[in-house]
1. Net charge near A213: determine it from the other residues with C-beta under 13 Å of the C-beta of A213, scoring Lys and Arg +1 and Asp and Glu -1.
2. Could you pull the accessible area for V68 with a 1.4 Å probe, rounded to 10 Å²?
3. As an exercise, find the ratio Rg/Rh for the range 1-94 from alpha-carbon atoms, using the Kirkwood inverse-distance average for Rh.
4. With everything on Cα atoms, drop me the angle between helix 53-76 and the longest principal axis of the chain, reported from 0 to 90° to the nearest 10.
5. Using a 1.4 angstrom probe and counting only protein chains, how large is the accessible area of K72 in Å², to 10?
6. Out of every Cα-Cα pair in the chain, what percent are more than 33 Å apart?
7. Report in % the part of the accessible area of the range 139-258 that belongs to carbon and sulfur, leaving out ligands and nucleic acids; probe 1.4 Å.
8. Given the pairs K220/K249; K162/K249; K9/K57; K170/K255, which span a C-alpha to C-alpha distance of over 27 angstrom in this model?
Amino acid sequence: MDKRLEAFKELLDIMDELREKCPWDKKQTLESLRKLTIEETYELGDAILKSDLQEIKKELGDLMLHIVFYAKISAEKEAFDIADVLESINKKLIYRHPHIFGDVDVDGSAEKVAENWEALKLKEKGGNKRVLEGVPAAMPALVKANRIQEKVRGVGFDWEYKEQVWDKVKEEVDELSHEIDKADNDKMEAEFGDLLFAVVNAARLYGIDPEAALERTNLKFIKRFNYLESQTMLKGKSLHDMSLEEMDKFWDEAKKQE
């Protein structure tokens, strides 16, 4: 038997055993696993950003366990089992890749493939599906903004030239500045949201994942600030007692070490 199939069968057998004999596993429900799955997904995201292939392997295993767990619980409810899950995704992949499994020509363009994917999704469920249907309500706002823009691009709602987006960014900066002068917190928040949405749009148009870009900056800031804090402690000082000028000195040292 294929090594991959053997490993997958072993996981299914282990899941059956755990569900029958382990007090914790027997107690779990679809709802109780949800928050754990979200946590595992973020841990996988962290490993990917760090380019830690061994950690990615471990986190993929954790997610695979969750998928099998959900399927096992659903099988007990006589709703579906893991075979149904796999058959469903197999059919979807074949249907949404007519350029591979059919006779559609996409001229070797990844963008054309993405547009065709979104068009095929709209044809499903009798063609009554809305363009932005399926964007999870609980998705983090930055990721959601990017996904919304990707989806509307699939039906042609996008800038004709990517450079045009910078005029929109500048427009939103001006509008935010105007509301700041008026000191209306509600309108400031609204304009700040518009600015962020425009910046996310710019990132997408230039092939940048805004979530990954921001997290990269977060990690860089944490590293620099940790250096600043450690150097301060080595000198027997407290950050509260330091001037901004003194802090900037250590901050610049941290930047030079990158």
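The values are calculated or read from the model by the stated rules, or taken from the named source; none is laboratory data. Every value quoted in this text rests on a predicted model; they were computed, and no experiment measured them. Heads up, the Cβs are rebuilt from the backbone with ideal geometry, glycines too, and the neighbour counts pull from every protein chain shown. Accessible surface areas use protein heavy atoms only, side chains included; no ligands, DNA or RNA. Shrake-Rupley method; radii C 1.70, N 1.55, O 1.52, S 1.80 Å.
1. Values: positive: R204, R216, K220; negative: D209, E211, E215.
Neighbourhood net charge equals 0.
2. Solvent-accessible area, nearest 10 Å²: 10 Å².
3. Numbers: Rg = 14.4 Å, Rh = 14.6 Å.
Rg divided by Rh gives 0.99.
4. It is inclined by approximately 50 degrees.
5. 60 Å²
6. Numbers: 15101 of 33153 pairs.
Within the chain, distances greater than 33 Å cover 46 percent of Cα pairs.
7. Values: 4660 of 8390 Å².
Using a 1.4 Å probe with all protein chains present, the range 139-258 comes out at 56 percent carbon and sulfur.
8. Values: K220/K249 17 Å; K162/K249 39 Å; K9/K57 18 Å; K170/K255 29 Å.
Violating the 27 Å Cα-Cα cut-off are K162/K249; K170/K255.
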